[in-house]
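The values are calculated or read from the model by the stated rules, or taken from the named source; none is laboratory data. Here the structure is a predicted model, which is why all the values come from computation and not from measurement. Quick reminder, even Gly has a Cβ in these numbers, built from the backbone with ideal geometry, and neighbours come from all protein chains shown.
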Amino acid sequence: MSRKNLWLLIMSLVYVSAGINHFLNPAFYLKIMPWYLPYPLELIYISGVCEVLLGLGVLPLTTRKISSLLIIAMLLLFLVLHVQMLIDTSSAGGFLFWIAVLRLPLQVVLIRWAWLVYKTYNKPFHFKKPVYH
């Protein structure tokens with residue numbers, strides 16, 4: 001497997017795993033949802049579905065570009081949530097505050113990664129058959 005294919009597979013697994021976690025652990029996400037958003041549980045499930053679909057969408061060449069752009073859009077939207085989480089947890093400190101602090105630079109890294117996929121990963125994803133001698 002090429003290095004680019006490995007990074008695509010890792011990206012896919014990151015988003016698919018994160019999306020599935022929305023269904024396995026919605027209580028965690030409810031704690032960090034901004035108070036002003038309606039239907040928080042439904043939004044958690046919708047975002048989980050989006051993460052799974054976009055994570056799978058980066059694998060086929062035919063959907064890779066649109067999926068990586070939609071991942072960027074999703075991450076920018078989530079940035080608003082992470083800033084609100086930082087504001088909400090700043091006075092108490094603790095575990096959620098430090099998650100919020102770490103998520104902001106992580107968002108930048110994830111956006112850059114999706115942009116690189118959009119710009120440079122233009123070959124089909126495939127596993128190379130092993131050559132036996």
Any residue in the stretch 73-100 that is touching a residue at least 12 places away in the same chain (Cβ under 8 Å) sitting within a Cβ distance under 7 Å of a residue that is surrounded by 11 or more Cβ atoms within 10 Å (Cβ to Cβ) and not in a helix (DSSP H, G or I)? List the pairs, counting only those 6 or more apart or interchain.
LEU81/PRO34; GLN84/PRO34
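Among the residues in the stretch 32-55, are any of a type in the set (Phe, Trp, Tyr) and either at pLDDT 95 or above or under 28 Å from ASN5 (Cα atoms) (or both)? Write out each step before concluding.
Filtering the stretch 32-55 for residues of a type in the set (Phe, Trp, Tyr) gives 35-36, 39, 45.
Then keep just the ones that are either at pLDDT 95 or above or under 28 Å from ASN5 (Cα atoms) (or both); that gives 39, 45.
There is at least one residue in the stretch 32-55 that is of a type in the set (Phe, Trp, Tyr) and either at pLDDT 95 or above or under 28 Å from ASN5 (Cα atoms) (or both).
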Are there any helices (runs of 4 or more DSSP H) wholly within the stretch 2-113 with 2 or more residues that are closer than 30 Å to PRO124 by Cα and under 12 Å from the mean Cα position of the chain (by Cα), and if so which?
3-24, 40-57, 61-89
Residues that are surrounded by 13 or more Cβ atoms within 10 Å (Cβ to Cβ) and charged (D, E, K, R): does the stretch 17-39 have at least one?
no
